[in-house]
Amino acid sequence: GAGVSQSPRYKVAKRGQDVALRCDPISGHVSLFWYQQALGQGPEFLTYFQNEAQLDKSGLPSDRFFAERPEGSVSTLKIQRTQQEDSAVYLCASSPSRTDYEQYFGPGTRLTVT
Amino acid sequence: DAKTTQPPSMDCAEGRAANLPCNHSTISGNEYVYWYRQIHSQGPQYIIHGLKNNETNEMASLIITEDRKSSTLILPHATLRDTAVYYCIPTGANTGFQKLVFGTGTRLLVSP
């Protein structure tokens, strides 16, 4: 079956621009996560959705970062007024239930802010 | 969350077993140990997990010491496609949801 997909795969933004990154999770998966991965580092948690409810956003680095999942399926991570330090790979993952640590990751969106 | 220590890099010859160690001495009694790997330019991929007993699946085996302070992921016959960064992740207890806390992992290079 189809896995987690993310678009775009690559995004170049000028400093100060807004960007929107899309995640299509596996159909029927309750949980959806966003992670940020800087070059040479492991992924770091940003935010978590259970269906349409955003239950944890403790990892979002600033109020320029905003995520939504309005119908409990597709999710969008928006970054306003991008800064160079936002350059990273943004990974989306989904899992079937709230209690399962086996997560299915998408290929990520590589964001470069110039 | 328990802290982990993994060697930054390891080498393995194709066809040989790759044994990847992880120290997680502060793990609590109800925390599982999960292993993920990340092949270059891809998202992380689940491999295996365990609590106390050794586990085996089609990808790998997981050996957990009796005191649970360390574990070893075993790839019995490594192939070039197993070249990746491998992450050992103790899962947080009672967080209410399944946030994964990645470290820096072990970069495994499988050579011909």
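Annotations for the structure displayed:
- Gained length - B:Glu58 relative to B:Leu80, 0.36 nm times residue gap less alpha-carbon distance: 6.2 nm
- For the protein assembly as shown, taking Cα atoms only, Rg and Dmax work out to 17.7, 53 Å respectively.
- Positive dipole terminus of the protein assembly as shown, leading residue within B:Trp35, A:Tyr90, A:Gln80 (C-beta point charges): A:Gln80
- Per-pair calculated FRET efficiency, R0 = 35 Å: A:Lys14 and A:Glu68 via Cβ, rounded to 0.05: 0.90
- Pair B:Gln42, B:Ser28: separation of 7 Å Cα→Cβ label points (nm): 3.4 nm
- For A:Lys11, the aspartates and glutamates whose Cα comes closer than 20 Å to its Cα, not counting residues fewer than 8 places off in the same chain, are A:Asp24, A:Glu44, A:Glu68, A:Glu85, A:Asp86.
- Note on A:Thr112 and A:Ser87: their simple-model spin labels are 0.8 nm apart, each label 7 Å out from Cα toward Cβ.
- Net length gained if the chain between A:Arg98 and A:Gln80 were fully extended (0.36 nm per residue, minus Cα distance): 3.5 nm
- Computed as a quarter of the hull surface, the mean projected area of the alpha carbon convex hull for the stretch B:2-112 stands at 6.6 nm².
- Antiparallel content of DSSP bridges confined to chain A, in %, to 5: 90 percent
- In plain terms, the bigger the Kirkwood radius, the slower the diffusion; for the stretch A:50-108, with that radius from Cα pairs, at 25 °C and 0.890 mPa s, Stokes-Einstein puts D at 189 µm²/s.
- For the listed residue pairs A:Lys14/A:Lys78; B:Lys3/B:Lys52; B:Lys3/B:Lys69; A:Lys14/A:Lys57, the alpha carbons are over 22 angstrom apart in A:Lys14/A:Lys57.
Bear in mind these aren't lab numbers, they're just calculated from the coordinates by the rules spelled out. Only a predicted model underlies this, so the values are computations on that prediction, with no experimental measurement involved. Neighbour counts are summed over all protein chains in view; Cβ atoms, including those assigned to glycine, are modelled from backbone coordinates with ideal geometry.
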